Amino acid sequence: MIFAPHILQVKVITPMDKDEFGRPIPGTGGESWQEVCKCRCDDVSAEKKVSINGALYDFKYKVVFDKPSKVEAGAEVRCLNADGSIRGEGVAKSLLETNYFSYRVIWLE
């Protein structure tokens, strides 16, 4: 991508380890943010999309990033500015993969 001023991150949840009796071990597991790639995060909160089944989705951000990277639908993601502040965050919906151009698009709800 030519213009990618933001950083795309995905939340990774690690389950707690269990002892020999199946009880969770305190202090294990947790949540962390994994950096995926550079991206462009556009604020589209004024737009509305309607799915084929008639449900109304209110997307807040459109994220465009290079094709080798991948984000699964339903993943919690966030985009950071160069200074580390949060540009946009939400749940990835409506994944789009282009045929000719080498990029992917996700919409955050």
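The values are calculated or read from the model by the stated rules, or taken from the named source; none is laboratory data. The structure displayed is predicted, hence computed values, not measured ones. In this analysis, Cβ positions are derived from the backbone assuming ideal geometry, glycine residues included, and neighbour counts consider all displayed protein chains. In case anyone asks, the SASA skips ligands and DNA or RNA and just uses the protein heavy atoms, side chains included. Shrake-Rupley method; radii C 1.70, N 1.55, O 1.52, S 1.80 Å.
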**Request:** For each cysteine in the chain, check whether another cysteine's C-beta sits under 4.7 Å from its C-beta; list those where none does.
**Result:** 37, 39
**Fill in**
For segment 13-109, dividing by residue count, accessible area per residue (probe 1.4 Å) in Å² works out to 68
**Message:** Through the Karplus equation 6.51 cos²θ - 1.76 cosθ + 1.60, θ set to phi - 60°, convert the phi angles of segment 70-79 into ³J(HN,Hα) values in whole Hz; use x for Gly and Pro.
**Reply:** 9, 10, 7, 5, x, 6, 8, 10, 8, 10
**Item:** Lys pairs, the chain - Cα-Cα below 17 angstrom, 8 or more residues apart or on other chains
**Value:** 17
**Item:** the chain - charge dipole about Cα centre, Lys and Arg +1 at Cβ, Asp and Glu -1, debye rounded to 20
**Value:** 340
**Prompt:** Between (i) 15.9, 57; (ii) 17.9, 57; (iii) 16.7, 53, which matches Rg and Dmax of the Cα atoms in Å calculated for the structure shown?
**Reply:** (iii)
**Request:** With θ set to phi - 60°, apply the Karplus curve 6.51 cos²θ - 1.76 cosθ + 1.60 along segment 28-40 and write out the HN-Hα couplings as whole Hz, x wherever there is a Gly or Pro.
**Result:** 9, x, x, 10, 8, 10, 9, 6, 9, 5, 6, 8, 10
**Complete:** The farthest towards the positive end of the charge dipole of the chain, of the residues 5, 75, 32, given +1 on Cβ of Lys and Arg and -1 on Cβ of Asp and Glu, is 5
**Request:** Compare 35, 20, 72 in a GNM of the chain, Cα atoms joined below 10 Å, and give the one with the largest fluctuation.
**Result:** 20
**Asked** Sorted by accessible area with a 1.4 angstrom probe, largest first, how do 40, 23 fall?
**Response** 23, 40
**Request:** Please build a GNM for the chain, connecting alpha carbons under 10 Å apart, and tell me which residue among 43, 66, 17 fluctuates the most.
**Result:** 17
**Message:** Please return the longest range in the chain lying between exposed loop sites, taking chymotrypsin sites (Phe, Trp or Tyr not before Pro), DSSP loop only, at most 12 other beta-carbon atoms within 10 Å, and leaving the sites out.
**Reply:** 22-99
